[in-house]
């Protein structure tokens, strides 16, 4: 099995830390190594205690990376967004009857920048439009059977 070096953003967050604990446990079998971006020395210690390598940095953007020109592997970015982007503003009145499916990219792409924290999702997707980074946004929806 090929082992990978994995760079994680958000590993100290609520969802990220749970996912990383599972991945680090599995890495003993796979041989994968994990590095995680942190914004403080305190978070770096948290990452070390989880068995990962901390990278203390300020992320300036993903728009220009010469990785592809140098024959390196493509970058992959997985972002956990939230279902707040689906709020319709009805506040108890007659809201939208739309059912959103997390595997319907075309439908989710219709959400506008006015939705809560959608502007972050749109910024994360912008490098994908230029073909530089493969991005995945996870909303954590439960689909009806």
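Return the FRET efficiency for the residue pair residue 134, residue 87: r is the Cβ-Cβ distance, R0 is 30 Å, and the value is rounded to the nearest 0.05.
On the way: r = 28 Å, r/R0 = 0.93.
Calculated transfer efficiency: 0.60.
From Cα pairs below 8 angstrom and at least 6 apart in sequence, can you work out the relative contact order of the stretch 1-60, rounded to a whole percent? Numbers along the way, then the final one.
Details: 83 pairs, mean separation 21.4, N = 60.
Computed over the stretch 1-60, the figure is 36 percent.
Each reported figure results from applying straightforward, stated rules to the coordinates on display, with no laboratory input. Quick caveat, the model's predicted, so the values are computed rather than measured. We place every Cβ from the backbone using ideal geometry, glycine too, and count neighbours over all the protein chains shown.
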